[in-house]
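Engineer: Take a look at the following structure, please.
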Amino acid sequence: MGRWSRAELEDAFDKYQAAALVGGTTGDWSAWAACFTEDCTYKEHLYGTIGGRAAVLRWITQTMSTYPGNAMPHFPIEWYVI
């Protein structure tokens with residue numbers, strides 16, 4: 001058994017997806033960024049490595065409020081693996 005149960009992982013992932021929907025709908029990405037630890041390391045395939053929750057919030061807010069991010073502010077996840 002891993003460190004977290006499947007139910008805990010599912011719950012955290014549900015909260016992440018809900019926060020992404022709020023961010024994409026309202027432009028307020030703070031709940032989405034709060035899904036990460038304050039000292040997180042976020043690796044984004046195009047933008048590179050972003051260090052810390054505050055930097056992740058700045059990045060996602062800027063990225064999703066300017067083109068092309070603002071043309072596609074939602075990123076629904078169709079499948080995932082636990």
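Here, each number is a calculation from the coordinates, and none is a lab measurement. Remember, predicted model here, so these are calculated numbers, not experimental data. Glycine also receives a Cβ, built like all others from the backbone with ideal geometry; neighbour counts cover every protein chain displayed.
Engineer: Evaluate the Kirkwood expression for the hydrodynamic radius of the chain, namely the inverse of the mean inverse distance over all pairs of different C-alpha atoms, and round to one decimal in Å. Can you show the working numbers first?
Structural biologist: Working: mean 1/r = 0.0734 Å⁻¹.
Evaluated on the chain, it is 13.6 Å.
Engineer: While we're here: What is the spin-label model distance, in nm, from residue 21 to residue 7 if the labels are put 7 Å beyond Cα along the C-beta direction?
Structural biologist: 2.2 nm
Engineer: Each residue of the stretch 67-80 in order: what ³J(HN,Hα) in whole Hz does its phi give by Karplus 6.51 cos²θ - 1.76 cosθ + 1.60, θ = phi - 60°, with x for Gly and Pro?
Structural biologist: Each residue of the stretch 67-80 in turn: 5, x, x, 6, 8, 8, x, 10, 9, x, 9, 7, 8, 7 Hz.
Engineer: OK, next. List the relative contact order of the chain as a percent without decimals, with contacts defined as Cα pairs under 8 Å and 6+ residues apart. Before the final figure, lay out the partial values.
Structural biologist: Details: 72 pairs, mean separation 21.8, N = 82.
Relative contact order of the chain: 27 percent.
Engineer: Report, by chain and number, residues whose modeled amide H sits under 5 Å from the one on residue 52, excluding near sequence neighbours (fewer than 5 apart, same chain).
Structural biologist: Under 5 Å from the amide H of residue 52 lie the amide H atoms of 40, 41, 42, each far enough along the sequence or on another chain.
Engineer: Would you calculate a helix-derived [θ] at 222 nm for the chain, using -39,500 (n - 2.57) for each DSSP H run of n ≥ 4 and dividing by the full residue count, to the nearest 500?
Structural biologist: Working: 3 runs with 38 residues, N = 82.
So the calculated ellipticity at 222 nm is -14500 deg cm²/dmol.
Engineer: Measuring from label point to label point, each 7 Å out along Cα→Cβ, what is the residue 14 to residue 40 span in nm?
Structural biologist: In this crude spin-label approximation the distance works out to 2.0 nm.
Engineer: While we're on this one: Magnitude of the Cβ-charge dipole of the chain, K/R +1 and D/E -1, about the Cα centre, nearest 20 debye?
Structural biologist: Details: 6 positive and 9 negative charges, 35 e Å.
Computed about the Cα centre, the dipole is about 160 debye.
Engineer: Taking θ as phi - 60°, what are the ³J(HN,Hα) couplings along the stretch 32-45 by the Karplus curve (6.51, -1.76, 1.60), each to the nearest whole Hz, with x for Gly and Pro?
Structural biologist: Once θ is set to phi - 60°, the couplings for the stretch 32-45 become 5, 5, 5, 5, 9, 5, 4, 9, 4, 10, 9, 9, 10, 4 Hz.
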